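Beneath this line is the structure, given in structure tokens, with notes to follow.
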Amino acid sequence: MLGEFEYLLISVAARLGDDAYGAAIREQVEAMGRTCSIGALYTTVDRLEKKGLLETWMGEATAQRGGRAKRMVRVTKQGAAAAQEFYNSVMRASQGVSWATK
Amino acid sequence: MLLNLTARMLEPREREVVLGDLAEAQTGLLQSVSQVLDLGIRRHAALWADWRPWMTGPGLTLPGSFLLMGVSLSLSQACVQVADSGAMPAGGLTWLFTQLCLLLGWSWTSGFVVGSLSRRTLWASIALCCWPCFVCLSKFHLESLSPVCLLWFLIPAGLGVRQGMRGNRISRAVAFGIAFALTLAMVGTWHGNAQRWWSPPWWLVDALMSWPALYLVGRAMKSSQRRSVC
């Protein structure tokens, strides 16, 4: 079972698709009102990659990044299945509770 | 400058990515440094979840430094005795040779094991080696000997670390030879009456002595098996 932050990262990476990389994921997570340090981001990405839920590879360098490469991220089939399972569990657990019906 | 210095905590590939992310997000200097520091600390803390840094740091370097300083000292005392009066130590030339083998072989083997098992936590092993050295140097009061004689073991140990970090292959014959010579030297030293001002329990010394040599043999056998499969 995924943790909440792991689910968040997988969801954001899935939404970004081919444009999913460290800085973009961090920006999206912070736009949701959640703080996301680089340390938390990359240690979680590594953990998810070890579990086979994410794939990463080095992308191209851009001038905007001072000529430095990106670490691209892609959600694997197992990652999507784990996120689906997490989502279903949260939905089931939330049925009938006051904050979910508001 | 400060940011690049802090980023040296990270592996080169990760450093590139993180500095790129920070540049893209136009993060301020102080915040960038704290972000890099946070990741660096997390990465280094994660290394200690493994058994290797514990085995090579507190398990080998710390006790090994004390014992090797003892060997360095007894060998230096014997050499000074031979040079000054021409009188051989109690065990004669054999004892002298055994001590030399022990000093060179054990230091090199320990260094090799530290270098190959814990490259990224080498700083901790170095600190754990320096601490007993400083303690002993501060308490060293022998007029006939220079305090430097305690530190002879650092030269072969440093060479061993360098070769271990390079991932140099050790042939099976060499590994068995080193392990056999070390065991012989160890038996000759700990079970004889050669010790003077320090006498740790023999089983402890045996255990500390044996595992780096056994690691060397295991590693050599593994790499020769790999070669035969290829």
Where chain B is the region considered: accessible area per residue in Å², 1.4 Å probe:
54
Given a 10 angstrom Cα cut-off, can you work out which residue in B:Met165, B:Met88, B:Met186 is the most mobile in a GNM of chain B?
B:Met88
Under 10 Å, Cα contacts only: if you run a Gaussian network model on chain A, which one of A:Ala23, A:Ala14, A:Ala83 comes out with the highest mean-square fluctuation?
A:Ala23
With a 1.4 Å probe on protein heavy atoms only, tell me which residues of the range A:29-49 lose at least 10 Å² of accessible surface in the complex relative to the chain by itself.
A:Ser37, A:Ile38, A:Gly39, A:Ala40, A:Tyr42, A:Thr43, A:Asp46
Could you identify which residue out of B:Leu117, B:Leu62, B:Leu142 has the top mean-square fluctuation in a GNM of chain B using Cα springs shorter than 10 Å?
B:Leu142
Would you mind giving the total buried accessible surface between chains A and B, with a 1.4 Å probe and ligands, DNA and RNA left out, rounded to the nearest 100 Å²?
1700
Give me the residues in the range B:13-52 whose solvent-accessible area, probe 1.4 Å, is reduced by at least 50 Å² once all protein chains are included instead of the chain isolated.
B:Arg13, B:Glu16, B:Val17, B:Asp21, B:Glu24, B:Gln35, B:Arg42, B:Arg43
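Using a 1.4 Å probe over the heavy atoms of the protein chains, calculate the carbon and sulfur portion of the accessible area of chain B as a whole percent. Kindly include the intermediate steps, with their values, before the conclusion.
On the way: 8250 of 12320 Å².
C and S atoms contribute 67 percent here.
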Local electrostatic count at A:Ala93 - Lys and Arg +1, Asp and Glu -1, tallied over other residues with Cβ under 13 Å:
-1
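Work out the mean other chain Cβ neighbour count within 10 Å for the residues of B:70-80 and drop it here as an integer.
Details: counts 0, 0, 0, 0, 0, 0, 0, 0, 0, 0, 0.
Counting Cβ atoms of other protein chains within 10 Å of each residue's Cβ and averaging gives 0.
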Rounded to a whole number, what is D in µm²/s for chain B from Stokes-Einstein with the Kirkwood radius over alpha-carbon pairs (37 °C, 0.692 mPa s)?
165
Under 13 Å Cα-Cα from A:Lys51, which aspartates and glutamates qualify once same-chain neighbours fewer than 8 residues away are excluded?
A:Glu6
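Of all the accessible heavy-atom surface of chain A, with the other protein chains kept in place and a 1.4 Å probe, what percent is carbon and sulfur? Intermediate results must be reported in sequence, preceding the final value.
Working: 2970 of 5750 Å².
Ligands and nucleic acids excluded, carbon and sulfur reach 52 percent.
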What is the distance in Å between the Cα centroid of the range B:49-127 and that of the range B:6-27?
40
Over all directions, average the projected area of the Cα convex hull of the range B:11-77 and note it in nm².
7.1
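For the range B:106-164, compute Rg over Rh where Rg is the Cα radius of gyration and Rh is the Kirkwood radius from the inverse mean 1/r over Cα pairs.
Working: Rg = 12.8 Å, Rh = 12.1 Å.
Reported Rg/Rh (Cα atoms, Kirkwood Rh): 1.05.
Rank these residues by their accessible area, most exposed first, probe 1.4 Å: A:Trp99, B:Trp131.
Details: A:Trp99 185, B:Trp131 140 Å².
Descending accessible area places them as A:Trp99, B:Trp131.
Ordered by packing density, taken as the mean number of other Cβ atoms within 10 Å over each peptide's residues, highest first, how do B:7-16, B:155-164, B:34-43 rank? Before the final figure, lay out the partial values.
Details: B:7-16: 15.4, B:155-164: 20.0, B:34-43: 18.4.
Top of the packing list down: B:155-164, B:34-43, B:7-16.
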Excluding B:Leu216 itself, what net charge comes from residues whose Cβ is under 13 Å from its Cβ, given Lys and Arg +1 and Asp and Glu -1?
+4
Using the heavy atoms of the protein chains and a 1.4 angstrom probe, tell me the accessible area per residue for chain A in square angstrom.
56
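If eta is 1.567 mPa s and T is 4 °C, what Stokes-Einstein diffusion coefficient results for the protein assembly as shown, Kirkwood Rh from Cα pairs, in µm²/s?
The Stokes-Einstein estimate is 54 µm²/s.
The values are calculated or read from the model by the stated rules, or taken from the named source; none is laboratory data. Predicted model, so just to flag it, every value in this text is computed and none were measured. So basically every Cβ, Gly included, is an ideal-geometry build from the backbone, and we count neighbours across all protein chains shown. The accessibility values were calculated without ligands, DNA or RNA, using every heavy atom of the protein model including side chains. Shrake-Rupley method; radii C 1.70, N 1.55, O 1.52, S 1.80 Å.
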